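**Q** Here it is: the structure, laid out below.
The values are calculated or read from the model by the stated rules, or taken from the named source; none is laboratory data. All of these numbers come straight from a predicted model, not from anything done at the bench. FYI the Cβ positions are ideal-geometry reconstructions off the backbone, even for glycines, and counts take in every protein chain you see. With ligands, DNA and RNA removed, areas are computed over all heavy atoms of the protein, side chains included. Shrake-Rupley method; radii C 1.70, N 1.55, O 1.52, S 1.80 Å.
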Amino acid sequence: MNINIKRCNIVDSHILQEIGYETFNETFKNLNSIENMNVYLEKAFNIEQVEKELANTSSQFYFIMIDKIVAGYLKVNTNDAQSEEMGDESLEIERIYIKKDFQKHGLGKYLLNKALEIAEELNKSKIWLGVWEKNENAIAFYKKMGFVQTGTHSFYMGDEEQIDFIMTKTLN
């Protein structure tokens, strides 16, 4: 199994749109109404939105590739691209998603380590993320990787307010 991480750019927008839509839908479709999922997916993963996020110099996207097949992706944010005001010393992991067929192979850890590497390169002192309070597997993974819950924020899935735990890891 050959694993590579590739930074995305604007020519990757359609692939990013497709994997973003697919992985979010796989992860959350059974836990939300069809209507709310459709509203969110159309808003978050329409091609104009994806291209806008790719063009933001304070955001970076990466594909994780297994034998040249896109298996998942990572999105990190700094500065004003962060979804919460956490300051200039912080890097946000906004998304880590792995396709179902590629889960349980340590790929999430590869992407998390890539985010930590980026934070170090940018001289950030902390890295943080929001994770849905009902996503127990992800919460357990982040705790295992040294993150602690430091707060909460609201996330809207269509018209439904959901609570995300803010989890933070202080860097050396």
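**Q** Mind checking which residues of segment 127-145 are more than 13 Å from the chain's Cα centre (by Cα), outside any helix (DSSP H, G or I) and closer than 26 Å to N79 by Cα?
**A** If the condition is that a residue be more than 13 Å from the chain's Cα centre (by Cα), outside any helix (DSSP H, G or I) and closer than 26 Å to N79 by Cα, then E133, M145 are the ones that fit.
**Q** Considering only residues that are of a type in the set (D, E) and touching a residue at least 12 places away in the same chain (Cβ under 8 Å), look in segment 1-36 and name the one that is least open to solvent (accessible area, probe 1.4 Å).
**A** D12
**Q** Those residues that are open to solvent by less than 20 Å² (accessible area, probe 1.4 Å) and either more than 28 Å from D159 (Cβ to Cβ) or polar (S, T, N, Q) (or both), I need them from segment 37-60; list them, please.
**A** Of everything in segment 37-60, those that are open to solvent by less than 20 Å² (accessible area, probe 1.4 Å) and either more than 28 Å from D159 (Cβ to Cβ) or polar (S, T, N, Q) (or both) turn out to be S58, S59.
**Q** Please work out which residue is least open to solvent (accessible area, probe 1.4 Å), limiting yourself to segment 61-85 and to residues that are in a loop (DSSP other than H, G, I, E, B) and either of a type in the set (D, E) or touching a Pro at 6+ places or on another chain (Cβ under 9 Å) (or both).
**A** Ranking the candidates gives E84 first.
**Q** Mind telling me which of the residues K114, K134, K99 ends up being in contact with a helix residue (DSSP H, G or I) (Cβ under 9 Å, 6 or more places away or on another chain), within 21 Å of I66 (Cα to Cα) and open to solvent by 30 Å² or more (accessible area, probe 1.4 Å)?
**A** Working: K114 fails: in contact with a helix residue (DSSP H, G or I) (Cβ under 9 Å, 6 or more places away or on another chain); K134 fails: within 21 Å of I66 (Cα to Cα).
Every option except K99 fails the conditions.
**Q** Mind listing just one residue for me: the one in segment 146-172 that is at pLDDT below 95, within 23 Å of L31 (Cβ to Cβ) and in a loop (DSSP other than H, G, I, E, B) and, of those, most open to solvent (accessible area, probe 1.4 Å)?
**A** Looking at residues that are at pLDDT below 95, within 23 Å of L31 (Cβ to Cβ) and in a loop (DSSP other than H, G, I, E, B), I get D159.
**Q** Also: Within segment 102-111, track down each residue that is in a helix (DSSP H, G or I), closer than 18 Å to K143 by Cβ and either open to solvent by less than 50 Å² (accessible area, probe 1.4 Å) or in contact with a Lys or Arg (Cβ under 6 Å, 6 or more places away or on another chain) (or both).
**A** Listed by number, the residues that qualify are G108, L111.
**Q** For K124, are the conditions met, namely being in a loop (DSSP other than H, G, I, E, B), closer than 27 Å to I3 by Cβ, open to solvent by less than 50 Å² (accessible area, probe 1.4 Å) and in contact (Cβ under 8 Å) with a residue 24 or more places away in the chain?
**A** yes
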